[in-house]
1. Is it true that some residue in segment 48-55 is assigned to a helix (DSSP H, G or I) and of a type in the set (S, T, N, Q)?
2. For segment 11-26, which residues satisfy the criterion of being assigned to a helix (DSSP H, G or I) and not aromatic (F, W, Y)?
Amino acid sequence: MEDWLYEDGSDANYTVYRKKREELNTEFEVYQKRESFHKEKDKLVDVSRKHFTEIINRVAELQEKKPWITEEEKKDVLEKVEETR
């Protein structure tokens, strides 16, 4: 964009500059979203790990509270939690 500014855009009118600025802003927003994603990602990972631990604890309690749930079903849940981790 800098090359364009000093070469082809050196004698462009206001509307062309405005359009180029909008294009730059659009590109910049992509990088802003990536930055915010990476900042929030760590928080999300921590919260998810806590929830996985909670699920594992709840499955352990199912033996007493809900004996009709089979071992295979509990094992399936635990496998999916481990896979997601």
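1. Of all residues in segment 48-55, those assigned to a helix (DSSP H, G or I) come to 48-55.
If we keep only those that are of a type in the set (S, T, N, Q) too, we end up with 48, 53.
The answer is yes; a qualifying residue exists.
2. Going residue by residue through segment 11-26, those that are assigned to a helix (DSSP H, G or I) are 11, 14-26.
If the condition is that a residue be assigned to a helix (DSSP H, G or I) and not aromatic (F, W, Y), then D11, T15, V16, R18, K19, K20, R21, E22, E23, L24, N25, T26 are the ones that fit.
Matching residues to (1) in a loop (DSSP other than H, G, I, E, B); (2) surrounded by 11 or more Cβ atoms within 10 Å (Cβ to Cβ); (3) charged (D, E, K, R); (4) free of Cβ contacts under 8 Å to residues at least 40 places away in the same chain:
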| residue | (1), (2), (3), (4) |
| --- | --- |
| G9 | no, yes, no, yes |
| F28 | no, no, no, yes |
| R58 | no, yes, yes, yes |
| W68 | yes, no, no, yes |
| K74 | no, yes, yes, yes |
| V81 | no, yes, no, yes |
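We did not get these values from a lab; they are worked out from the coordinates using the rules stated. Note that the structure is predicted; figures quoted are calculated from it, not measured. Ideal geometry is used to build each Cβ from the backbone, glycine not excepted, and the neighbour counts take in all protein chains shown.
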